[in-house]
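**Q** First the structure, which I've put down as structure tokens, then a few questions once you've had a look.
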Amino acid sequence: MAVIPVELAGRSYEVRVGPALLGTLAAQCGPLLRKARVPIVTDSTVARHWRGAVETSLREAGHDPRFLVLDPGEGAKSWETLARTVDWLLAEEVERGDHILALGGGVIGDLTGFAAAILKRGCGFIQLPTTLLAQVDSSVGGKTAINTPAGKNLVGAFHQPALVLADLDALGTLPVREMRAGYAEVIKYGILGDAVFFAWCEQNGPNVFAGDRAAQDHAVTASVKAKARIVAEDERETTGARALLNLGHTFGHALEAETGFSDRLLHGEAVALGMVLAAFYSARRGLMAEAEAERVKRAIAAAGLPNDLATLGLDCDGATLAAHMLHDKKMDAGTLPFVLLRGIGDAFLDRAVSLDDVAAFLDEQLR
Ligand code: NAD
Ligand code: GLY
């Protein structure tokens, strides 16, 4: 098992990565579970695969696990489900010093973390991420949120978990499309800040979703280390370091908006194509060699992820896509910071990108 500390003054915690963590949950959590009753929020798909292991471990340690099982999908990040979750936690008499368990992907983690942030002005929670995306990204760093009709993740809080247990066994039940979508966030760490890790991804990417345990272990551990370092440096995304994690997200957001935030394009798939676009836009601006952008594209293609805007079948022009970017939550005093590349492993934030120029670039890419 790898243990990666997230160093935050007064709120440091560990991310543990390894096998059989859900099956040994009670021992892993130790004194964080201070009462018999343990509240667990999950969704019905995750419950089908992983409720048994969690329940057995907790019962054997003398606990009384209580489950709130929600419908799977992004729809759970809503005011209605937040209210239902908070009411359920109150009925379960959760106190501020207790820890709520979030068992699932990024949806369950974001929702449960936000419920924990506002319940009794903030109680503890533990992330038990079961998707690759949640293990390498959303469970680490304390961003919690729900969606509103105005957009995704517009209501939320920074609220750090007390512990993250990334059980690699959970990846064994994950559909391959979800694995690939999560892998986009893995390769992102290489493209934005670690050329050596990117080269490892080029060699080993397909093994990660082919079930190679050593490859999965390295991919998750290296990603969590990268994220922990960035979060420790810039917890609240104020200095620009954490904003680099948005590589591919501004282009990706426009693609998600154009496809209606639907199953047509999963978030990780949009980020994958978004990173290819960020790389080629950087090359077009003369910031890095076109050959480097081609390398990014090849690595994304080898992972079976979308990598060519022209073949996505969108019926729109570049200006329409650029207009979606104006509703991006990263808009800051009228400007939209873009994460661009000087090379693989060398991302930076450009706050002076012209959206007209981006629209012209997207027109070229759509052809
Ligand atoms: P998700 O939570 O919807 O999970 C994807 C699907 O996989 C769901 O149907 C789920 O039921 C199923 N599933 C989960 N674990 C499984 C397992 N082990 N076996 C079988 N099926 C399983 O989606 P996600 O991709 O994990 O997360 C996406 C969410 O994360 C979005 O809402 C996004 O906004 C958020 N996010 C948050 C952050 C952050 O920093 N907080 C970062 C990135 C993404
Ligand atoms: N997923 C981006 C961040 O945590 O900042």
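Please treat every number below as a calculation from the coordinates, not as lab data. Bear in mind the structure is a predicted one, so any value in this text is a computation, not a measurement. In this analysis, Cβ positions are derived from the backbone assuming ideal geometry, glycine residues included, and neighbour counts consider all displayed protein chains.
**Q** Is it possible to state the helix-based mean residue ellipticity at 222 nm for the chain, with each DSSP H run of 4+ residues giving -39500 (n - 2.57), the sum divided by total residues, to the nearest 500 deg cm²/dmol? What is it? Walk me through the intermediate numbers first.
**A** Numbers: 12 runs with 163 residues, N = 367.
So the calculated ellipticity at 222 nm is -14000 deg cm²/dmol.
**Q** Would you mind checking the tilt of helix 79-91 against the longest principal axis of the Cα atoms of the chain, expressed as 0 to 90 degrees and rounded to 10?
**A** Compared with the principal axis, the helix lies near 20 degrees.
**Q** Would you mind working out the magnitude of the charge dipole of the stretch 1-154 relative to its Cα centre, with +1 at each Lys and Arg C-beta and -1 at each Asp and Glu C-beta, to the nearest 20 Debye? Display every interim value, and only then the final one.
**A** Working: 16 positive and 16 negative charges, 40 e Å.
For the stretch 1-154, the charge dipole is close to 200 debye.
**Q** Report the percentage of all Cα-Cα pairs in the stretch 1-128 whose separation exceeds 21 Å, rounded to a whole percent.
**A** On the way: 2999 of 8128 pairs.
Looking at the stretch 1-128, the distances longer than 21 Å represent 37 percent of pairs.
**Q** A further question on this structure: When we measure straight from the Cα of K225, which lysines land under 29 angstrom away, once same-chain ones fewer than 8 places off are left out?
**A** K77, K143, K152, K188, K297, K329, K330
**Q** Can you tell me the dipole magnitude for the chain around its Cα centre, using point charges on the Cβ only (Lys, Arg +1; Asp, Glu -1), in Debye to the nearest 20?
**A** 800
**Q** Still on this structure, I have one more. How far is the Cα center of the stretch 293-350 from the Cα center of the stretch 200-268, in Å?
**A** Between the Cα centres of the stretch 293-350 and the stretch 200-268 lies a distance of 14 Å.
**Q** Per residue of the stretch 248-261, what does 6.51 cos²θ - 1.76 cosθ + 1.60 with θ = phi - 60° give for ³J(HN,Hα)? Whole Hz please, x for Gly and Pro, Karplus curve as stated.
**A** Using θ = phi - 60°, the values come out as x, 7, 6, 4, x, 4, 4, 5, 5, 5, 5, 9, x, 6 Hz.
**Q** So if the hydrodynamic radius of the chain is defined as the Kirkwood radius over C-alpha pairs, what does Stokes-Einstein give as its diffusion coefficient at 4 °C and 1.567 mPa s, in µm² per second?
**A** Translational diffusion coefficient: 62 µm²/s.
**Q** Also: Need one number: convex hull volume per residue for the stretch 5-52, Cα atoms only, in Å³.
**A** 121
**Q** While we're here: List the extent of the Cα atoms of the stretch 273-362 along each of their three principal axes, largest first, rounded to whole Å.
**A** 37, 31, 21
**Q** Follow-up question, since we're still on this one. For the stretch 150-222, compute the orientation-averaged projected area of the C-alpha convex hull (one quarter of its surface), in nm².
**A** In nm², the orientation-averaged hull projection of the stretch 150-222 is 6.6.
**Q** What are the radius of gyration and Dmax of the stretch 135-190, computed over its Cα atoms and given in Å?
**A** 13.5, 37
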